[in-house]
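These notes concern the structure reproduced below.
The values are calculated or read from the model by the stated rules, or taken from the named source; none is laboratory data. Predicted model only: the values in this text are computed from it and were never measured. Virtual Cβ from ideal backbone geometry, glycine too; neighbours counted across all protein chains shown. To get the accessible areas, we keep the full protein, side chains included, count just its heavy atoms, and leave off ligands, DNA and RNA. Shrake-Rupley method; radii C 1.70, N 1.55, O 1.52, S 1.80 Å.
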Amino acid sequence: LFHALYEARGAGPGAAGAADVYTVQIELALEGGLDADRLAGAAQALIARHASLRAGFAHEQLGRPVQVIAARALAPWRLIDLTPQDDGGRERSLAGLRADERAARFDLSRAPLLRFALVRLDAQHHRLLVTHHHLLMDGWSWPVLVGELLQLYAHGGDASALPPVPPYRAYLAHIAGLD
């Protein structure tokens with residue numbers, strides 16, 4: 001949080017207006033028929049399922065930053081259709097979308113610090129750009145996130161097919177008890 005805020009003020013090496021170096025993005029290549037609304041519902045169910053994905057960080061005019069877990073948060077979702085473009089145009093547009101998503105800074109005080117952009121290349125080929133702030137999760141969390149997203153998609157957003165989520169409060173209590 002300190003480093004992200006430091007750079008956002010233009011004091012750090014990234015300077016204000018530059019992309020936040022703590023913005024992380026993965027891209028999933030999805031092949032075959034795809035129901036975009038169902039995938040958006042799965043993304044929303046994922047955020048509803050995990051309290052940690054609804055985290056924001058209050059810091060202004062506080063003695064120390066506080067992590068705030070929102071009771072509810074909407075999954076930021078965009079659907080971009082590139083099917084009218086030729087192959088070269090699609091590739092250029094996709095590259096621009098990747099860069100735009102990475103460059104768009106998160107308001108660290110507002111949950112969620114995660115967003116989704118589904119890019120339709122043609123009826124059988126899509127790219128899902130999932131962009132988040134590193135404050136939200138690390139690279140070890142990606143396999144869990146992607147696995148659950150795909151399972152939620154397969155089950156129409158029904159989380160009952162997944163194992164129960166350990167309470168985030170228990171994890172925070174564990175961390176607070178460490179030296």
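Would you kindly state how much longer the chain becomes between ARG64 and ALA95 on full extension, computed as 0.36 nm times their sequence separation minus their alpha carbon distance, in nm to one decimal?
Gain on extension, ARG64 to ALA95, equals 7.3 nm.
Surface analysis of region 10-106 yields an accessible area of 57 Å² per residue, using protein heavy atoms and a 1.4 Å probe.
Among the listed options [x] 1.07; [y] 1.00; [z] 0.96, the one matching Rg/Rh (Cα atoms, Kirkwood Rh) as calculated from these coordinates is [y].
Using the Karplus relation 6.51 cos²θ - 1.76 cosθ + 1.60 with θ = phi - 60°, the per-residue 3J(HN,Hα) values for region 110-123 come to 10, 7, x, 9, 8, 8, 10, 9, 9, 10, 8, 8, 7, 4 Hz, with x marking Gly and Pro. Residue by residue, region 48-57 carries 3J(HN,Hα) couplings of 5, 6, 10, 4, 5, 7, 9, 8, x, 10 Hz when phi is fed to the Karplus relation 6.51 cos²θ - 1.76 cosθ + 1.60 (θ = phi - 60°); x denotes Gly or Pro. Highest mean packing comes first when the peptides 73-81, 171-179 are listed by Cβ atoms within 10 Å, giving 73-81, 171-179.
Within the accessible area of the chain, the carbon and sulfur atoms contribute 55%, probe 1.4 Å, all protein chains present.
Near ARG78, the amide H atoms lying under 5 Å from its own belong to PHE116, ALA117, LEU118; only residues 5 or more places off or on other chains count, and H is placed 1.01 Å from N. Applied to region 21-35, the Karplus parametrisation 6.51 cos²θ - 1.76 cosθ + 1.60 on θ = phi - 60° returns per-residue 3J(HN,Hα) values of 5, 9, 7, 10, 9, 10, 10, 9, 8, 10, 10, x, x, 9, 9 Hz, with x for Gly and Pro.
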